[in-house]
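Trainee: There's a structure below that I have some questions on.
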Amino acid sequence: MKSYENHKLSPRQLQVIPHLILSPSYEEAARRSGITSKQIHSWLKHPEFQAELKKQRNNAFRQALECLKVVTQKAVQTLIALLDDKDPRVRLVASEKILSNAFKGAEFLDFEERISALETLSKKMVQISQFET
C-alpha cells in the first residue's frame with residue numbers, strides 16, 4: 001500500500017477523515033464511510049494520518065467559529081431588544097446574559113493583554129540570555 005510514501009495519504013484515508021470529524025465515534029465513521037473500524041484504528045496509529053486528521057479538524061473548527069462571528073452581532077441585538085420586553089422575567093434573563101458575557105469578554109481581554117505582556121517579557125529574557133552567553 002502506498003499510504004505513507006512521500007507523506008501522502010491514500011484516497012481511502014482522505015475519504016474517511018470527514019467522517020471521523022463529523023461522526024460521534026470511530027465505529028460510526030466506519031459505517032458511514034464503508035471502511036472497517038479496524039482499518040481506521042490502524043490508520044490512526046500513523047503520524048501522517050493523525051496530522052491530516054488534526055489539520056482538517058482544526059479547519060472545520062475555524063469555519064464554525066467564522067459562522068459564529070457572523071451571527072454574534074445578531075444575537076447581541078436580540079438580547080438588547082429583549083431588555084425592553086413586557087415580561088420582567090425576560091428582561092431579567094436578557095440582563096443576566098448581557099452582564100455575564102460582558103464580564104467574560106472583559107476577563108478574556110485582560111488575559112489576552114497579560115499573556116501578550118508575558119510573551120514580550122519572555123522574548124526579552126531570551127535575548128538577554130543569548131547576549132550573555
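The values are calculated or read from the model by the stated rules, or taken from the named source; none is laboratory data. Predicted, not measured: the structure shown is a model, and the values here were computed from it. With ideal geometry, Cβ positions are generated from the backbone for all residues, glycine too; neighbour counts draw on all protein chains shown.
Trainee: What pairs can you find where one residue is in region 29-58 and at positive phi, the other is part of a helix (DSSP H, G or I), and their Cβ atoms are less than 9 Å apart, with a gap of 6+ or different chains?
Mentor: Listed pairs, sorted by first residue: Gly34/Gln15; Gly34/Val16.
Trainee: So is Lys55 closer than 30 Å to Lys8 by Cβ and loosely packed, with under 13 Cβ neighbours inside 10 Å or not?
Mentor: Yes, satisfied.
Trainee: Taking region 64-86 as the region of interest, how many residues are loosely packed, with under 11 Cβ neighbours inside 10 Å, under 21 Å from Ala102 (Cβ atoms) and among the small types (Gly, Ala, Ser)?
Mentor: Matching residues across region 64-86 total 1.
Trainee: Is it true that Glu96 is among the acidic types (Asp, Glu) and surrounded by 10 or more Cβ atoms within 10 Å (Cβ to Cβ)?
Mentor: Yes; evaluated as a whole, the condition is true for this residue.
Trainee: Right, another one. Is there a residue in region 3-10 that is surrounded by 14 or more Cβ atoms within 10 Å (Cβ to Cβ), among the aliphatic types (A, V, I, L, M) and part of a helix (DSSP H, G or I)?
Mentor: Checked region 3-10: no residue is surrounded by 14 or more Cβ atoms within 10 Å (Cβ to Cβ), among the aliphatic types (A, V, I, L, M) and part of a helix (DSSP H, G or I).
Trainee: Can you go through Phe61, Phe111 and tell me which one is assigned by TED's automatic domain parsing to the domain that holds Ile17 and either surrounded by 10 or more Cβ atoms within 10 Å (Cβ to Cβ) or out of contact with any His (no Cβ under 8 Å at 6 or more places or on another chain) (or both)?
Mentor: Every option except Phe61 fails the conditions.
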